[in-house]
Amino acid sequence: MGRVRLNVAERREELLRAAVEQIEIRGVSSLRIADVAQVLGVSNALVLYHFSTKEKLVAAAFAYAAEADLAHLRKLLARRTTAVRRLRAAVRWYAPTGTAKGWRLWIEGWAASLRDPALREVAGDLDQQWKTELAQVIDEGAAAGEFRCEDPRSAAWRLTALLDGMAVQTTSYAGPLSRTTMLRWTDEALARELGVDLADLTGAAVADASADG
């Protein structure tokens with residue numbers, strides 16, 4: 001039975017999904033156009049028709065995966081509940097112990113972007129979007145009087161820097177930190193940034209605390 005004919009958008013998405021999978025398995029430096037083509041049973045020429053170089057394929061795959069996580073982050077932050085609960089759900093989901101996917105991909109992207117200006121631009125833009133989304137909700141909560149935070153943007157930078165660092169420890173080094181320890185540090189950092197008691201933060205409703213599902 002022949003392959004189902006896909007339109008251009010469907011074919012690109014199929015190629016991007018395969019590229020993400022292969023990057024996670026092989027890494028950016030070892031990835032070949034042929035690897036993506038082989039897993040889908042298509043020709044190298046077809047991959048190159050949609051993405052003229054490996055570098056363009058990698059940058060597009062990285063953006064594709066990150067946009068999916070961004071969409072989920074926005075969904076968490078748009079919930080009809082307090083800013084504190086939205087932020088806690090989002091930060092715990094984003095933490096390397098949560099259910100957010102793609103930490104290996106992010107780390108591969110960071111390393112490859114040192115030598116690839118196009119990927120560096122994509123990664124930098126996506127990183128800024130993460131920080132902006134968090135900063136906006138921190139600003140909303142402060143304006144509503146839920147907590148005090150004079151510089152939401154800096155708070156978002158510090159929070160994401162902590163989570164990025166923990167991700168490197170667990171993904172790259174298989175560090176000894178337990179899930180319980182990292183989630184506790186995440187809660188403590190968020191409480192400090194928002195100027196709220198840790199007990200109040202962790203006393204959020206169970207549904208909100210487990211909203212990473």
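The values are calculated or read from the model by the stated rules, or taken from the named source; none is laboratory data. Every value quoted in this text rests on a predicted model; they were computed, and no experiment measured them. Neighbour counts run over all protein chains shown; Cβ positions are idealised from the backbone, glycine included. Surface accessibility is based on the protein's heavy atoms, side chains included, excluding ligands, DNA and RNA. Shrake-Rupley method; radii C 1.70, N 1.55, O 1.52, S 1.80 Å.
Odds and ends about this structure:
- Using C-alpha pairs below 8 Å separated by at least 6 residues, the relative contact order for the chain is 22 percent.
- Eligible aspartates and glutamates near Lys75 by straight Cα distance, threshold 15 Å, same-chain separation 8 or greater: Glu67, Glu133, Asp208, Asp212
- FRET efficiency, Arg179 to Ala45 (Cβ-Cβ, R0 45 Å, nearest 0.05): 0.50
- Extension gain for Ala34 to Arg153 (0.36 nm times residue separation, less C-alpha to C-alpha distance): 38.6 nm.
- Protection proxy ranking of 188-198, 60-70 - average other beta-carbon atoms within 10 Å, highest first: 60-70, 188-198
- Summing charges over all other residues whose Cβ lies under 11 Å from the Cβ of Leu48, with Lys and Arg as +1 and Asp and Glu as -1, gives +2.
- Net length available on complete extension from Arg12 to Ala161 is 50.4 nm, with 0.36 nm assigned per residue and the Cα-Cα distance removed.
- Nearest-0.05 FRET efficiency for Leu70 and Arg120, computed from C-beta distance (R0 30 Å): 0.95
- Potential lengthening between Thr81 and Arg5 on full extension [0.36 nm per residue; Cα-Cα distance subtracted]: 22.9 nm
- Distance between the 7 Å Cα→Cβ label points at Gln136 and Glu21: 3.3 nm.
- DSSP-loop GluC sites (Glu not before Pro) across region 76-162, with at most 13 other Cβ within 10 angstrom: Glu150
- Within the chain, helix-based [θ] at 222 nm, where runs of 4 or more DSSP H residues each add -39,500 (n - 2.57), nearest 500: -23500 deg cm²/dmol
- Anchor Lys54: aspartates and glutamates whose Cα lies under 18 Å away (excluding residues fewer than 8 positions away in-chain): Glu13, Glu14, Glu21, Glu24, Asp35, Glu108, Asp116, Glu121
- Ranking of Lys131, Lys56 by solvent-accessible surface, largest first: Lys56, Lys131 (1.4 Å probe, protein heavy atoms only, all chains present).
- The chain: DSSP helices with Cα axial extent of at least 27 Å and average Kyte-Doolittle hydropathy no lower than -0.5: 54-77, 117-143, 152-172
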